[in-house]
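J.: Before we start, here is the structure in question, set down as structure tokens.
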Amino acid sequence: MELKNTTKSGQAGWVRYCCKEGDCNEGVRFKNTDPLNEEPYDIAIIGAGVVGCALAYELSQYQSRVILIEKAFDVGEGTSKANSAIIHTGFDAAAGSLESELVSSASREWPDMAQKLKVPMVQTGAIVLAFSEDQQKQLAAIQQKSVDNGVTDNEILDATTVRKLEPNVNPNVRGGLRVPRESIIDPFAVSIAFAEVALSNGTDILFGAEVNSITETDQSVKTVHVNKDLKIRCNIIINVAGLWSRAVADQYKGEAFHINPRRGQFLLYDKTCRKLIEHILLPIPTKKTKGKLIAPTIFGNILTGPTAEDLPYGSNDANDTTQEGLEEIEASTHQMCPSLADQPVIAAYAGLRCNCQEGSYFIRFNDMHPGIVTVTGIRSTGLTSSFMLARYIIDGMKEQSGLNLIRNTKAKNSRDESSWPGWWKPPYENEDKLASCPDYGKMICYCENISSGELRDALCSPLSPQTTDALKRRTRAHMGRCQGFNCGVPIIETVRDHSEIPMASVTKRGPGSNWISPQVQKEAR
Ligand SMILES: Cc1cc2nc3c(=O)[nH]c(=O)nc-3n(C[C@H](O)[C@H](O)[C@H](O)COP(=O)(O)OP(=O)(O)OC[C@H]3O[C@@H](n4cnc5c(N)ncnc54)[C@H](O)[C@@H]3O)c2cc1C
């Protein structure tokens with residue numbers, strides 16, 4: 001398949017926000033009435049989770065005209081916003097599987113990729129802990145599995161060494177398996193960074209755009225129908241809609257597969273207890289799950305979880321936490337590290353894994369129609385594998401659809417130095433930066449020490465956040481111990497002033513999630 005290679009060479013793509021009529025009074029802020037260019041895109045990606053964003057990033061290294069279509073109002077709003085934030089080595093994957101291959105090769109490249117993308121990442125290492133004789137025996141088998149997965153840099157530790165490395169683990173520990181390259185990362189920045197680079201290379205991004213039907217599926221130019229009135233014409237469609245990939249595949253009658261959300265609940269501890277652990281602490285895995293871990297976060301907290309609860313097909317919004325789920329996490333993680341029981345929890349949240357009954361990493365090229373690719377079941381490791389998976393999909397399209405892609409030698413593959421988030425490289429510690437603008441000294445979020453200068457920088461960044469959640473994921477303002485109790489209003493005011501909109505139009509995650517309810521607005525008038 002020949003592409004037209006119509007890349008606007010050297011030109012950045014555009015970002016547009018759509019809004020369905022009647023979603024909210026001020027939805028007009030998100031509504032862009034300019035008609036879309038009628039010229040067909042080479043490739044339309046449906047879903048801007050970490051996989052869709054990585055695909056946009058990798059495709060932007062070629063001369064191709066690509067559009068990323070997302071129903072939410074920011075990238076990474078689906079499963080990608082709520083995970084354990086670990087860059088896995090793949091030591092415990094099913095050896096010989098596609099997942100193992102992609103995760104293990106991605107993990108080796110991640111240190112370099114994180115530097116390119118300016119995404120904070122730290123190699124803490126992980127220890128799989130054994131607390132019984134039986135578990136201790138299993139360590140050798142896990143080590144062998146790790147070697148089978150190409151992760152040979154690991155070692156079995158005796159109980160004394162584990163206690164020396166991690167003095168706060170349960171003193172009854174009998175040994176462990178140390179996997180030094182397991183790492184923690186800023187999970188939000190990954191999708192944002194991939195999308196920003198793609199955007200700068202010419203990828204167009206459409207937010208608030210729900211794909212609801214796909215027609216002309218057997219023609220070389222297909223039509224993707226978005227919301228009520230938008231039509232996007234393209235040669236190739238890649239369905240990376242995560243939990244919604246079945247609903248999207250139904251629109252083109254793709255091959256049968258069955259998915260259900262597998263919920264994972266988490267507890268987030270205050271930064272005051274960060275010193276309790278050094279490594280990611282893992283239990284002995286079961287067939288179904290890696291088990292409930294205790295992990296340091298890149299932001300300086302401790303995270304425990306996740307649960308693994310299979311929910312019925314379609315419960316894609318069931319990301320609430322439950323008392324039973326949180327108690328289950330406490331029971332197993334407090335057993336591993338008893339001191340955690342006295343520590344303050346500042347938040348609880350849940351993410352939904354895309355569990356595919358036909359197996360993880362279910363990928364179909366030319367899915368019942370030439371030029372339509374279905375990617376689903378990216379269940380537990382998609383953050384890690386994202387860009388390797390994207391390369392696998394591109395190679396598959398070359399081989400199986402005869403796609404002819406030419407490298408764009410002018411494409412960027414990295415973000416500028418200034419893209420490091422302020423919480424990672426605080427501007428108030430940089431005298432020159434502070435002198436350049438006093439706003440870097442005006443704190444808005446006191447828990448995380450985020451200044452109004454950092455909020456402004458984020459609001460002016462290439463993929464400018466339009467909602468307070470999007471701003472939160474870029475800066476960490478609102479993510480600290482107070483969870484927005486103190487900084488919530490100043491943050492909303494900052495968005496209002498920057499976007500020059502009324503306070504009542506500021507939303508948490510797009511139309512319909514206004515911070516000020518319509519009732520309050522009415523009463524105030
Ligand atoms: C509890 C838990 C822990 C995890 N821990 C880790 C970990 O430590 N390390 C790791 O590597 N991975 C981890 N994962 C897995 C990882 O988070 C996922 O594999 C990854 O986020 C999947 O990304 P995605 O892009 O496939 O899906 P999503 O992020 O869900 O993206 C799909 C996107 O498609 C959009 N969409 C859906 N339908 C439409 C439509 N009709 N039109 C337009 N847009 C649409 C959605 O809004 C969404 O943004 C974990 C997952 C969970 C749930």
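The values are calculated or read from the model by the stated rules, or taken from the named source; none is laboratory data. The shown structure was predicted, so the numbers you read here are calculated from the model rather than taken from an experiment. Counting neighbours? That spans all protein chains shown, and the Cβs are built from the backbone with ideal geometry, glycine included.
J.: Filter region 260-284 down to the residues that are within 11 Å of the ligand (Cβ to nearest atom) and closer than 19 Å to residue 355 by Cα and list them by number.
T.: Hits for region 260-284 are 261, 262, 263, 264, 265, 266.
J.: I'd like to verify a number: residues in region 239-259 that are of a type in the set (A, V, I, L, M, F, W, C), more than 25 Å from residue 84 (Cα to Cα) and within 10 Å of the ligand (Cβ to nearest atom), how many?
T.: Adding up the residues that qualify gives 2.
J.: Still on this structure, please answer the following. Of the residues 285, 312, 344, which is under 19 Å from residue 85 (Cβ atoms) and not assigned by TED's automatic domain parsing to the domain that holds residue 252?
T.: Answer to the check: 285.
J.: Among what's in region 114-157 and is under 20 Å from residue 96 (Cβ atoms) and β-branched (Val, Ile, Thr), pick the residue that is surrounded by the fewest Cβ atoms within 10 Å (Cβ to Cβ).
T.: Among residues in region 114-157 that are under 20 Å from residue 96 (Cβ atoms) and β-branched (Val, Ile, Thr), the one surrounded by the fewest Cβ atoms within 10 Å (Cβ to Cβ) is 152.
J.: Sticking with this one: So, of the residues in region 474-522 that are crowded, with 16+ Cβ neighbours inside 10 Å, over 22 Å from residue 270 (Cα atoms) and among the small types (Gly, Ala, Ser), which turns out to be modelled with the highest pLDDT?
T.: Among those residues, the one meeting the criterion is 510.
J.: Just one of the numbered conditions (1) crowded, with 18+ Cβ neighbours inside 10 Å; (2) closer than 24 Å to residue 183 by Cα is not true of residue 289; which one?
T.: The one condition residue 289 does not meet is (1).
J.: Would you confirm, using the coordinates I've provided, whether residue 80 is more than 8 Å from the ligand (Cβ to nearest atom) and small (Gly, Ala, Ser)?
T.: no
J.: Quick check: is even one residue across region 326-333 touching a helix residue (DSSP H, G or I) at 6+ places or on another chain (Cβ under 9 Å) and within 15 Å of the ligand (Cβ to nearest atom)?
T.: Within region 326-333 (the criterion being touching a helix residue (DSSP H, G or I) at 6+ places or on another chain (Cβ under 9 Å) and within 15 Å of the ligand (Cβ to nearest atom)), the answer is yes, since at least one residue qualifies.
J.: Scan region 482-507 for residues that are of a type in the set (Ser, Thr, Tyr) and out of contact with any strand residue (DSSP E or B) (no Cβ under 9 Å at 6 or more places or on another chain) and report the count.
T.: 1
J.: From the set of residues in region 373-399 that are within 16 Å of the ligand (Cβ to nearest atom) and of a type in the set (Lys, Arg), which is surrounded by the fewest Cβ atoms within 10 Å (Cβ to Cβ)?
T.: 391
J.: Looking at 359, 402, can you tell me which residue is under 30 Å from residue 96 (Cβ atoms), within 16 Å of the ligand (Cβ to nearest atom) and out of contact with any helix residue (DSSP H, G or I) (no Cβ under 8 Å at 6 or more places or on another chain)?
T.: Unique residue meeting the criteria: 359.
J.: What tally of residues in region 58-99 results from selecting those that are free of Cβ contacts under 8 Å to residues at least 60 places away in the same chain and closer than 30 Å to residue 321 by Cα?
T.: Matching residues across region 58-99 total 1.
Table: residues versus (1) part of a loop (DSSP other than H, G, I, E, B); (2) assigned by TED's automatic domain parsing to the domain that holds residue 201; (3) of a type in the set (Lys, Arg); (4) at pLDDT 85 or above.
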position: 22; (1), (2), (3), (4): yes, yes, no, no
position: 75; (1), (2), (3), (4): yes, yes, no, yes
position: 93; (1), (2), (3), (4): yes, no, no, yes
position: 115; (1), (2), (3), (4): no, no, no, yes
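J.: Here's a follow-up. Any idea which of 259, 294 is buried (at least 23 other Cβ atoms within 10 Å of the Cβ), touching a Lys or Arg at 6+ places or on another chain (Cβ under 9 Å) and touching a residue at least 24 places away in the same chain (Cβ under 8 Å)?
T.: Of the residues listed, the single one that is buried (at least 23 other Cβ atoms within 10 Å of the Cβ), touching a Lys or Arg at 6+ places or on another chain (Cβ under 9 Å) and touching a residue at least 24 places away in the same chain (Cβ under 8 Å) is 259.
J.: A further question follows. May I ask you to verify whether residue 249 is surrounded by 18 or more Cβ atoms within 10 Å (Cβ to Cβ), in contact with a helix residue (DSSP H, G or I) (Cβ under 6 Å, 6 or more places away or on another chain) and of a type outside the set (Lys, Arg)?
T.: Answer is no for this residue.
J.: Related question: Give me a count of the residues in region 34-64 that are assigned to a loop (DSSP other than H, G, I, E, B) and either within 9 Å of the ligand (Cβ to nearest atom) or buried (at least 24 other Cβ atoms within 10 Å of the Cβ) (or both).
T.: 5
J.: Next up: Within region 170-178, identify whether any single residue is closer than 22 Å to residue 88 by Cα, surrounded by fewer than 24 Cβ atoms within 10 Å (Cβ to Cβ), within 16 Å of the ligand (Cβ to nearest atom) and not β-branched (Val, Ile, Thr), and answer yes or no.
T.: There is no residue in region 170-178 that is closer than 22 Å to residue 88 by Cα, surrounded by fewer than 24 Cβ atoms within 10 Å (Cβ to Cβ), within 16 Å of the ligand (Cβ to nearest atom) and not β-branched (Val, Ile, Thr).
J.: So, one more: Checking residue 83 against (1) modelled with pLDDT of 95 or more; (2) in a strand (DSSP E or B), which single condition isn't satisfied?
T.: (2)
J.: Looking for whichever is more than 26 Å from residue 102 (Cα to Cα), among the polar types (S, T, N, Q), surrounded by fewer than 21 Cβ atoms within 10 Å (Cβ to Cβ) and free of Cβ contacts under 8 Å to residues at least 12 places away in the same chain here; the options are 323, 343. Which one fits?
T.: 323
J.: On to the next question. What residue, of 166, 196, is in contact with a Lys or Arg (Cβ under 7 Å, 6 or more places away or on another chain), surrounded by 22 or more Cβ atoms within 10 Å (Cβ to Cβ) and modelled with pLDDT of 95 or more?
T.: 196
J.: Please tell me if residue 208 is surrounded by 23 or more Cβ atoms within 10 Å (Cβ to Cβ), at pLDDT 95 or above and either away from the ligand (no atom under 16 Å from the Cβ) or at positive phi (or both).
T.: So residue 208 fails the test.
J.: When you scan region 400-418, do you find a residue that is modelled with pLDDT of 95 or more, part of a helix (DSSP H, G or I) and surrounded by 19 or more Cβ atoms within 10 Å (Cβ to Cβ), even just one?
T.: The answer is no; no qualifying residue exists.
J.: Another one. Suppose we keep only residues that are among the hydroxyl-bearing types (Ser, Thr, Tyr) and outside any helix (DSSP H, G or I) within region 429-457. Which one would you say is farthest from residue 269 (Cα to Cα)?
T.: 451
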